[in-house]
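**Q** Before we start, here is the structure in question, set down as structure tokens.
Any read-out appearing in this document is the output of simple, stated calculations on the displayed coordinates, not a laboratory observation. On a predicted model such as this, the values are computed, not experimentally measured, just so you know. When we count neighbours, we look across all protein chains shown, and the Cβ atoms used for this are built from the backbone with ideal geometry, even at glycine.
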Amino acid sequence: MVDQMVLEREFFEMLERQDEAILLRVAASGCPACAGRLHRGDYDRKPRGALIAPTGEAFVKRFSLCCGREGCRKRATPPSLRFLGRRVYLGAVMILASVVANAVDAATKIRAATGVPARTRRRWLAWWMGPFVSTEVFVAIRARLIEVDDAALPTSIFDRLPGALAARVHLFARVLVPLTTTSVPDGSRFLGAGA
């Protein structure tokens with residue numbers, strides 16, 4: 001399982017197209033603060049892909065919008081399938097490296113398989129088992145999936161998703177979409193059928 005955890009460029013191209021579609025839906029809905037018109041205000045990120053997704057590091061644009069109404073000018077950063085909030089690593093890397101950390105005991109083997117430092121993985125696992133379980137996203141997951149083991153997060157969720165590796169990461173990223181931004185309320189409503 002660990003040897004086959006590499007996400008290719010096509011995977012991130014698909015996520016970028018879906019992020020673009022989400023951006024267009026958010027822009028069409030107007031400013032969440034004043035209903036003013038939203039304009040593009042993308043910015044560069046320096047995403048880390050580690051050994052799991054080195055090709056994902058090429059996708060640096062974080063799509064964002066800014067209200068054009070004088071006096072408001074609030075930023076509306078749409079939900080993203082590529083970026084998990086303000087974290088430096090790509091969302092897919094955080095998911096997969098955490099799954100590997102739950103599956104493999106030796107820290108050196110985990111580092112060799114993922115390229116993510118042990119301290120970072122420990123912080124991620126603490127997030128999965130701490131703040132994550134108190135989110136509405138986790139409550140919704142628990143309602144849909146039977147036998148989600150809190151002590152084995154995120155693996156207990158990941159293992160229950162259908163499909164090959166890339167399809168499971170994509171589904172997991174879709175579920176986590178509401179956690180990727182705070183400036184667009186109820187971000188999952190902008191996913192649409194194609195995302």
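**Q** Would you pull out the residues with amide H under 5 Å of residue 7's amide H, same chain only if 5 or more places away, H placed 1.01 Å from N?
**A** 53
**Q** Additional query: Residue 48's amide H: which non-local residues (gap 5+, or another chain) put their own amide H closer than 5 Å, with H modeled 1.01 Å from N in plane and none for Pro or chain starts?
**A** Those qualifying (amide H under 5 Å, at least 5 residues apart or on another chain) are 89, 90.
**Q** Give, to the nearest whole percent, the P(r) tail of the stretch 1-69 beyond 13 angstrom, counting all Cα pairs.
**A** Value for the stretch 1-69 (Cα pairs over 13 Å): 69 percent.
**Q** Calculate one ³J(HN,Hα) per residue across the stretch 68-76 by plugging θ = phi - 60° into the Karplus curve 6.51 cos²θ - 1.76 cosθ + 1.60, and present them in order as whole Hz with x for glycine and proline.
**A** Values, residue by residue: x, 7, 4, x, 9, 6, 6, 7, 10 Hz.
**Q** For the stretch 104-195, which chymotrypsin sites (Phe, Trp or Tyr not before Pro) are both in a DSSP coil and crowded by at most 12 other Cβ atoms within 10 Å?
**A** Sites meeting the loop and neighbour criteria: none at all.
**Q** Output ³J(HN,Hα) for the stretch 81-91: one whole-Hz value per residue in order, computed from phi by the Karplus curve 6.51 cos²θ - 1.76 cosθ + 1.60 with θ = phi - 60°, and x for Gly and Pro.
**A** Using θ = phi - 60°, the values come out as 8, 8, 10, 9, x, 8, 5, 6, 6, 4, x Hz.
**Q** For the stretch 111-123, what does the Karplus curve 6.51 cos²θ - 1.76 cosθ + 1.60, with θ = phi - 60°, yield as ³J(HN,Hα) per residue in whole Hz, taken in order and with x for Gly and Pro?
**A** 4, 5, 7, 10, x, 9, x, 4, 4, 5, 4, 4, 5
**Q** Just subtract the alpha-carbon distance of residue 33 and residue 88 from 0.36 nm times their residue separation and send over the number in nm, one decimal.
**A** Answer, rounded to one decimal: 17.1 nm.
**Q** With no solvent and one point per C-alpha, what does the Debye sum give as log10 I(q)/I(0) for the stretch 24-150 at q = 0.13, 0.16, 0.22 Å⁻¹?
**A** Per q value, in the given order, log10 I(q)/I(0) is -0.70, -0.92, -1.18.
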